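Notes follow the structure.
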Amino acid sequence: LDLNFRKDSKDLPNPPMSALATARVIANLNDVEYPEGIKSPKVELNANAPAGKFRYDRDFLLQFMKVCTEKPEHLPPLEVLGLEPADQQFHTMSRGGSGRGSRHGSGAL
Amino acid sequence: QEIDMQAQADEIRTVFSDPTNFNVKHPLYSPWTLWFDSPATKGRNLPQTPISSFPQTPLPQTPGNVAALGWMEDIKRVITFDSVEEFWGLYNHIVAPSHLPQKANYYLFKEGIIPAWEDDANKNGGKWSIQLPKDKNRSNIDKMWLFTMLAAIGETFDPYLTSGEATEPHPQSLVTGVIVSTRPQFYRLSIWTRLAPTGQGDEDDKLRERIEAMGRNFKTSVLGYSESQKLQGPLATEVEFLSHKDSEKKGKAAKKIVI
């Protein structure tokens, strides 16, 4: 089934392996030094976590929002999912139905 | 010089120090799968549905199950991810709840758990949920859903796990998944749990306390309300817990916990 989602990748000339695909998983959070201004995850959350499994506090996680902009390799086109943003204009006109009158691209945030 | 090269190869580069060439990523406690449905997903064959991705769990053909199977056929699998970096890549390329069509749902569940009562991980559980009028919350819902997802994937929903109360070495989280639903007049956010208090047995009081602590955490830290704040109003509910078994009963038999 997955093959069907890769149609669009044919158009690209052999993209290099993304950092996301090749990066290794952090085994020990203490090994990681974050640049100045970046908060480390709260250590106390992981006091009883098994090795290699981590809990992360929200403030730590939110720091990734602006830097992780790469589109996931296996994200199917949103139209295929029926996942298109509601068209606000048509919404207010009580057209009923699924608001398909006009489509706006893929609707990234 | 060789040592230098070795040192460079071993250097840990996070996405913060090198957004395009990082060499480590932050694993999540569990892998998660995002599912989606809306009126527009009905009858579409692609992509995977819970039925096609878990064909190994055939259910007996009772009328209820047939209905459940039909419903699950309309839910589409968006993606499975297991790192912080992948979560944000997804988040930055997908539609926020305030821009979803009506009658749509995102289901973010631990990998291998179907977003349905019928799943073994859910059948003895229940859900914390809150309903919010749409017009007053259009500007809040995206942040509330984001914070709900972050508490889920960060595994911080269940305070029992991190408070030091747990006596077992690696206690399992009660959370199986989180859902956001858009309806013509309101939004609903839900946190599904593996277990629900039954009012019976030695461990039930402890479980109830743990479930209530989750609800308070949801109301205050995640949604940003004060603990005593009254939320009920036209189209709005308090933060309420209901077991799936009681949800099936609908009417008066249902015993809600309200935070």
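How many residues does region B:98-128 contain that are within 14 Å of the chain's Cα centre (by Cα) and not aliphatic (A, V, I, L, M)?
The qualifying residues number 14.
Answer yes or no as to whether residue B:164 is of a type in the set (Gly, Ala, Ser), over 17 Å from residue B:82 (Cα atoms) and either away from chain A (no Cβ under 14 Å) or within 16 Å of the chain's Cα centre (by Cα) (or both).
When the stated conditions are applied, residue B:164 does not pass them.
Take the residues of region B:84-128 that are surrounded by fewer than 21 Cβ atoms within 10 Å (Cβ to Cβ) and among the polar types (S, T, N, Q): which is farthest from residue A:81 (Cα to Cα)?
B:124
Whether any residue in region B:158-166 is free of Cβ contacts under 8 Å to residues at least 60 places away in the same chain, closer than 30 Å to residue A:44 by Cα and β-branched (Val, Ile, Thr) is what I want to check.
yes
When the residues of region B:14-34 are narrowed to those that are more than 7 Å from every other protein chain (Cβ to nearest Cβ) and at pLDDT 95 or above, which ends up nearest to residue A:81 (Cα to Cα)?
So, considering only residues that are more than 7 Å from every other protein chain (Cβ to nearest Cβ) and at pLDDT 95 or above, the one nearest to residue A:81 (Cα to Cα) is B:34.
Collect the residues in region B:142-161 that are within 15 Å of the chain's Cα centre (by Cα) and of a type in the set (A, V, I, L, M), keeping them in residue-number order.
B:144, B:146, B:149, B:150, B:151, B:152, B:153, listed by residue number.
Could you tell me which residue of region B:35-45 is surrounded by the most Cβ atoms within 10 Å (Cβ to Cβ), considering only residues that are at the interface with chain A (Cβ under 7 Å from one of its Cβ atoms) and part of a loop (DSSP other than H, G, I, E, B)?
Going through the qualifying residues, I end up with B:38.
Identify the residue in region B:77-109 that is aromatic (Phe, Trp, Tyr) and part of a strand (DSSP E or B) and, among all such residues, is nearest to residue A:20 (Cα to Cα).
B:81
Filter region B:158-193 down to the residues that are more than 18 Å from residue B:120 (Cβ to Cβ) and β-branched (Val, Ile, Thr), then identify the one that is modelled with the lowest pLDDT.
The extreme case among them is B:167.
From the residues in region A:45-54 that are farther than 13 Å from residue B:154 by Cα and facing chain B (nearest Cβ under 9 Å), which one is modelled with the lowest pLDDT?
So, considering only residues that are farther than 13 Å from residue B:154 by Cα and facing chain B (nearest Cβ under 9 Å), the one modelled with the lowest pLDDT is A:48.
For region B:75-122, how many residues meet the condition of being at positive phi and more than 13 Å from every other protein chain (Cβ to nearest Cβ)?
Qualifying residue count, region B:75-122: 1.
Can you tell me which of B:254, B:196 is at pLDDT 95 or above and either over 19 Å from residue B:131 (Cβ atoms) or aliphatic (A, V, I, L, M) (or both)?
B:196
Could you please find all residues in region B:134-160 being over 14 Å from residue B:109 (Cα atoms), within 9 Å of another protein chain (Cβ to nearest Cβ) and in a helix (DSSP H, G or I)?
B:142, B:146, B:147
Residues are listed down the side, and each one gets a yes or a no for (1) among the charged types (D, E, K, R); (2) more than 7 Å from chain B (Cβ to nearest Cβ); (3) in contact (Cβ under 8 Å) with a residue 24 or more places away in the chain; (4) under 16 Å from residue B:147 (Cα atoms):
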{"residue": "A:32", "(1), (2), (3), (4)": "no, no, no, no"}
{"residue": "A:39", "(1), (2), (3), (4)": "yes, yes, yes, no"}
{"residue": "A:56", "(1), (2), (3), (4)": "no, no, no, yes"}
{"residue": "A:65", "(1), (2), (3), (4)": "no, no, no, yes"}
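Which numbered condition in (1) more than 24 Å from residue B:256 (Cα to Cα); (2) outside any helix (DSSP H, G or I) is the only one that residue B:130 fails?
Checking residue B:130 against (1) more than 24 Å from residue B:256 (Cα to Cα); (2) outside any helix (DSSP H, G or I), the one that fails is (1).
What tally of residues in region A:25-82 results from selecting those that are assigned to a loop (DSSP other than H, G, I, E, B), under 22 Å from the mean Cα position of the chain (by Cα) and charged (D, E, K, R)?
So the answer is 9.
The values are calculated or read from the model by the stated rules, or taken from the named source; none is laboratory data. Everything numeric here is computed off the predicted structure, so don't read it as measured data. Reconstructed Cβ throughout: ideal geometry from the backbone, glycine too, with neighbour counts over all protein chains shown.
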